[in-house]
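We did not get these values from a lab; they are worked out from the coordinates using the rules stated. Please read these numbers as outputs of a predicted model, since none were measured by experiment. Glycine gets a Cβ as well: all are built from the backbone with ideal geometry, and neighbour counts include every protein chain shown.
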Amino acid sequence: MNKDLKNDKYSIPEPLLELLKNNLSSLGKNEKGYNRCNTIVNDGYITYPQAKKLKHELENDLEGIEYETVGGEDMLNFINSSLDDRRSGVYKSKKIRQNSGEENVFKKTHTKDQSKNPTKVRKIKIATKSDDINNNRAIYEEIDRIKQLLK
């Protein structure tokens, strides 16, 4: 489960809530789908885990009356748009953080590379001795390295 989304709640839009109330009034307490529909109507929202489960069931398992009881195509469209909007928001915020220079924003904290050079970019060797500076030894070493790479 996505840790950025696990505590999200998605408010049911009023037209969909009215449809669910109408479906609920035509159902008996023992009929399939009554408890789920009643919970959604009473709460007025669905949580992220509920949305994922309901989306899977609407796309794969539910058919006919059961499908229409929980909102059918309208509910599926609502869930898809809510999840897509939220997921793209999380992705965009991470992408902005990455573009601004923060490293490993898409990795979990326990998998981050804690080395001094996590991007594995080879740093330029800086000449510190006066002899190396006068002879440009660091530059010649870099040129030799580039020649080796080209071979």
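General remarks:
- Applying a threshold of 29 Å to the alpha-carbon distances of Lys107/Lys129; Lys9/Lys95; Lys107/Lys147; Lys52/Lys107; Lys52/Lys108; Lys29/Lys52 flags Lys107/Lys129; Lys107/Lys147 as lying beyond it.
- If R0 is 41 Å, the Cβ-Cβ spacing of Thr128 and Val105 corresponds to a FRET efficiency of close to 0.75.
- Per-pair calculated FRET efficiency, R0 = 35 Å: Asn42 and Tyr91 via Cβ, rounded to 0.05: 0.60
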